[in-house]
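Down below is the structure, laid out as structure tokens.
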Amino acid sequence: MSESGQTEDENTSAQPSIPASLVLSSEYRERLQKIQSEWVRVIKQFSEGYKAFAEALMPMASELREQTNAFARHIAPFFAQLKEVAEKAPPAYRQALLLLGESGWYMDLGMRLDAPLGLGRSLKEGEIEHAENALAKYFDARVDQIERFLVEAHPRRAKVLSSAFAAHRAGQFDLSIPVLLAQTDGICRDEAGQYLFMGPRGREYKRYKGKPSIAVFVDEVTSDAFLSAVLSPLGEKLPINASESERVEGWTALNRHMVLHGESVDYGTKINSLKAISLINYVASTLKLIKRDAS
């Protein structure tokens, strides 16, 4: 008897038994030992190889460091120029996009980053026909993709949008343009709670007088200088949303009020329809960009 009053056999029988399924046979133990030995050998071999590799690189380290330093000295002026360009980019972009808007065109986020700058420069230098032809060719090739984007982004408007694009393809520009302009304002209302073709109301009227009401939304959600430049056409009065008092005698630019209120009857051209497509695409894609930036 032990001090606890139990026999050795009683102590042994009190231990929990190990399930037979978890007991390794002698054959499996031998296999496991072989695997462990092989694993140790591989690790050792790898460690020795890595050490040899590191030792082989040591003589090259100082040369590599010098080359890196030389590259850094060479590239430093480039980065200084890049910083200067980045600082100047927002104002230049803003000016280029507003020049496009003055001509009735709006950027596509699928364009090359420098495209609006080049087009704006052409317009500024009086190469209007060159810029118009380039923009018309670009958007004519993008009609199908833009329709798909709009329909997917605004399924509630899919039927109306598809009808407008069908009219455009059929050359019925008198029909495509009014629908595209109306849907542009609808998308503004859906996405921003503001309008492109109406002025501000209420407490914002005094601060944003002379601007479209969507300018309020743009100011509230954008803080990045470059993004603010990209969105600048939304916050300014341009020919497309100019009021009656802002339109001079002999006005020929595409204007939403003149189209939808029947003042203009000669607006139905392919160029104007492409301009309306560029506008609705710009509004829909930039408002989506705002939401992504704000989230």
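Tabulated data for the structure shown
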read-out: Relative contact order (%) - the stretch 96-183, alpha-carbon pairs under 8 angstrom, separation at least six; value: 17
read-out: Alpha-carbon centroids, the stretch 93-119 and the stretch 217-281: separation in whole Å; value: 14
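Coordinate-derived values only; no laboratory data. Quick caveat: nothing in here was measured; it's all calculated off a predicted structure.
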